[in-house]
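Below: one structure, written as structure tokens.
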Amino acid sequence: MAEATIINKYFPDLSDIQKERFEALGKLYAEWNQKINVVSRKDIESLYERHVLHSLGIAKVQTFKPGSEILDVGTGGGFPGIPLAIMFPESRFYLVDSIGKKIKVVKGVAEALELDNVYAEQTRAEQVGHEFDFIVSRAVTRLKPFYQWIKNKVKAESVHERKNGILYLKGGDLAEELKEAKKKYELYELKDFFEEEFFETKKVVYVPMG
């Protein structure tokens, strides 16, 4: 399995506890994945690159301030929410997925890491009765329907320099999808931050909503 050192390579200022938590992820997901398959067998070998570092692409685009609240929609096994919660321990992360066994894994990982800034629940985004500074997600659907799911979940007042909104991890050619969504956006290429070939076509799409 690729080592957690890939995280230190791109985020050299991590605290000891952050390093410990990132290092623990590999074993935790390997163990959970044997019980509940949330990461493909192939990807478990590349967990740090394809899941952990990929999730932290959002951290290269946006630093979350202490006290800010972030909703992770369709979190699956906890991506991007768990890595972001390790990176920003003073922000609060609410991870939701409609599939209960995936949330079971998220809760198990968060508990093992003693991440008290993570709250996980089996529910759909539309049913979440709270507002957040940012909504994060990793390619759960096209941007247009995704926007409809969460359009009433964003706080009107921004505490960051960037307006509140969506930070969406996507891959491939997004021209048609972004045109279809008919929203203002900013596009960030992850190859500008990470040199591994996996990130060549990966992007963060920011859609301001605040």
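The values are calculated or read from the model by the stated rules, or taken from the named source; none is laboratory data. Predicted model, so just to flag it, every value in this text is computed and none were measured. Neighbour counts are summed over all protein chains in view; Cβ atoms, including those assigned to glycine, are modelled from backbone coordinates with ideal geometry. When the accessible area is computed, the model is the full protein with side chains, heavy atoms only, and any ligands, DNA or RNA have been set aside. Shrake-Rupley method; radii C 1.70, N 1.55, O 1.52, S 1.80 Å.
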By its C-alpha gyration tensor, with a ≥ b ≥ c as the square roots of the eigenvalues, how is the stretch 41-141 shaped: rounded for a/c under 1.5, else prolate for a/b larger than b/c, else oblate? rounded
For all pairs of alpha-carbon atoms in the chain, what percent lies in each bin of width 5 Å, listed from the first bin to the last filled one? 1, 7, 16, 21, 22, 17, 11, 4, 0
Specify the residue with the greatest mean-square fluctuation among Val39, Val96, Val118, computed from a Gaussian network of the chain linking alpha-carbon atoms under 10 Å apart. Val39
On average, how much accessible surface per residue is there in the stretch 156-210, in Å², for a 1.4 Å probe, leaving out ligands, DNA and RNA? 59 Å²
Could you state the accessible area per residue of the stretch 13-69 in Å², with a 1.4 Å probe and every protein chain left in place? 48 Å²
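Scanning the chain for trypsin sites (Lys or Arg not before Pro) in DSSP loops with at most 14 other Cβ atoms within 10 Å, what's the longest stretch left with none?
Details: sites that count: Arg124, Lys151, Lys182, Lys184.
Looking at the chain, 1-123 is the longest stretch - no exposed trypsin sites (Lys or Arg not before Pro) with at most 14 other Cβ atoms within 10 Å.
Determine the share of the chain's accessible area contributed by carbon and sulfur atoms, expressed in whole percent, with a 1.4 angstrom probe. Walk me through the numbers before you get to the answer.
Details: 4590 of 10230 Å².
The nonpolar share, carbon plus sulfur, comes to 45 percent.
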Bridge type composition, the chain - antiparallel percent by DSSP, nearest 5: 35 percent
per DSSP, antiparallel bridges as share of beta bridges in the stretch 99-210, % nearest 5, sits at 65 percent
Write out the GluC sites (Glu not before Pro) in the stretch 1-105 meeting two conditions: DSSP loop, and at most 15 other Cβ atoms within 10 Å of their Cβ. Glu3, Glu45, Glu90
Quick one: angle between helix 16-35 and the longest Cα principal axis of the chain, in degrees between 0 and 90, rounded to 10, please. 80 degrees
